[in-house]
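To start, the structure under review is shown below, and the notes come after it.
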Amino acid sequence: MRYRAVIFDLDGVVCYTDEYHYLAWKALADKLGVPFDRAFNDRLRGVSRRESLRLILERYAGPALAEAQQAALAEEKNALYRRYLHQMTSADLPAEVKSTLDALRARGLKLAIGSSSKNAPLILERVGLGDFFDAVADGSCITRSKPDPEVFLKAAAMLGERPRDCLVVEDAVSGAKAGHTGGFAVACVGAAARAGAGDHNFRSVTDLVEILE
Ligand code: BG6
Ligand code: MG
């Protein structure tokens, strides 16, 4: 087996919370009169909350917003987003993700999360994965979000593994860049796979099982 560990992005890879990010940012953008569609939303994948807001405000035609106003907007989006998260249950863990995680664990691979989100612990708990991973590196333990590799390097260090022995799984182009910059091999699904950003570009996480035999 080539890899010793797999580090998963969370939103859009382990569960479809990326859709809730989209809905919450879209509601905020509509309120601000900022054009916001799914293609633009793809640029926010993997990017921190404040950096996402900065990208949205680049399209804002109104007067410059003070730091406190920007913080309030980021908080407003997060409150809306967390309302979706609190409605999640273990039924929101896709069956193919659960079976893939179980298959990889049965092969003796260490499994971790590397996510820019500060809501990662809440999401993992809601979908029944609160105690599943060997390490969780998230938005509260980093100073730079993807495309900086910090979160993946933290996850690898928590696992006691070298980047070259870990495979990163991502749905964001920014996350694929983070993985490559950190010296990891990267498997992509979703938007990043469609952009051809990974060393492997898959239709489904279940395809991981084949390359991790
Ligand atoms: C990433 C998402 O996982 O986390 C981004 O892809 C999001 O869209 C980022 O902005 C930060 O998440 P949160 O939950 O801390 O606002
Ligand atoms: Mg993601």
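The values are calculated or read from the model by the stated rules, or taken from the named source; none is laboratory data. From a predicted model like this one, the values you see are computed outputs, not experimental measurements. Backbone-built Cβ (ideal geometry, glycine too); neighbour counts: all protein chains shown.
Anything in region 121-135 that is buried (at least 22 other Cβ atoms within 10 Å of the Cβ) and within 14 Å of ligand 1 (Cβ to nearest atom)? List them, or say none.
Passing the criteria: I123, L124.
If a residue counts only when it is among the polar types (S, T, N, Q), which helices (runs of 4 or more DSSP H) contained entirely in region 84-171 have at least 1 such residues?
Values: elements: 95-106, 120-126, 150-159.
It comes to 95-106.
Would you check which residues across region 1-34 are over 17 Å from K77 (Cα atoms), modelled with pLDDT of 95 or more and more than 16 Å from the chain's Cα centre (by Cα) and list them?
Y3, R4, A5
Looking only at region 170-184, decide whether some residue is more than 16 Å from ligand 2 (Cβ to nearest atom) and within 21 Å of V97 (Cα to Cα).
No; the residues of region 170-184 include none that is more than 16 Å from ligand 2 (Cβ to nearest atom) and within 21 Å of V97 (Cα to Cα).
Do we find that S99 is touching a helix residue (DSSP H, G or I) at 6+ places or on another chain (Cβ under 8 Å), assigned by TED's automatic domain parsing to the domain that holds T206 and under 21 Å from V189 (Cβ atoms) in this structure? Quick ask: steps written out before the conclusion?
On the way: touching a helix residue (DSSP H, G or I) at 6+ places or on another chain (Cβ under 8 Å): yes; assigned by TED's automatic domain parsing to the domain that holds T206: yes; under 21 Å from V189 (Cβ atoms): yes.
Judged against the criteria, S99 is a match.
Could you tell me whether any residue of region 35-56 is in a loop (DSSP other than H, G, I, E, B), of a type outside the set (D, E), more than 16 Å from the chain's Cα centre (by Cα) and more than 16 Å from ligand 2 (Cβ to nearest atom)?
Restricting attention to region 35-56, the residues satisfying the condition of being in a loop (DSSP other than H, G, I, E, B) are 35-37, 43-48.
From what's left, of a type outside the set (D, E): 35-36, 43-48.
Those still in the list that are more than 16 Å from the chain's Cα centre (by Cα) too: 35-36.
Imposing the further condition that a residue be more than 16 Å from ligand 2 (Cβ to nearest atom) reduces the set to 35-36.
There is at least one residue in region 35-56 that is in a loop (DSSP other than H, G, I, E, B), of a type outside the set (D, E), more than 16 Å from the chain's Cα centre (by Cα) and more than 16 Å from ligand 2 (Cβ to nearest atom).
Kindly indicate whether R194 is within 21 Å of E19 (Cα to Cα), touching a residue at least 12 places away in the same chain (Cβ under 8 Å) and not hydroxyl-bearing (S, T, Y). Before you say what the answer is, go through the steps one by one.
Details: within 21 Å of E19 (Cα to Cα): yes; touching a residue at least 12 places away in the same chain (Cβ under 8 Å): no; not hydroxyl-bearing (S, T, Y): yes.
No: the conditions fail for R194.
Which residue pairs have Cβ atoms under 9 Å apart, sit 6 or more places apart or on different chains, and have a first residue in region 172-186 that is in the same structural domain as K146 (by TED's automatic domain parsing) and a second that is away from ligand 1 (no atom under 13 Å from the Cβ) and modelled with pLDDT under 95?
A185/R2
I need every pair where a residue in region 114-134 that is within 12 Å of ligand 2 (Cβ to nearest atom) has its Cβ under 7 Å from the Cβ of a residue that is among the acidic types (D, E) and assigned to a loop (DSSP other than H, G, I, E, B), sequence separation at least 6 or different chains.
G114/D9; S115/D9; S115/D138; S117/D138; A120/D138
With respect to A24, determine if the residue is surrounded by fewer than 18 Cβ atoms within 10 Å (Cβ to Cβ) and not assigned by TED's automatic domain parsing to the domain that holds V151. Working first, answer last.
Numbers: surrounded by fewer than 18 Cβ atoms within 10 Å (Cβ to Cβ): no; not assigned by TED's automatic domain parsing to the domain that holds V151: yes.
So A24 fails the test.
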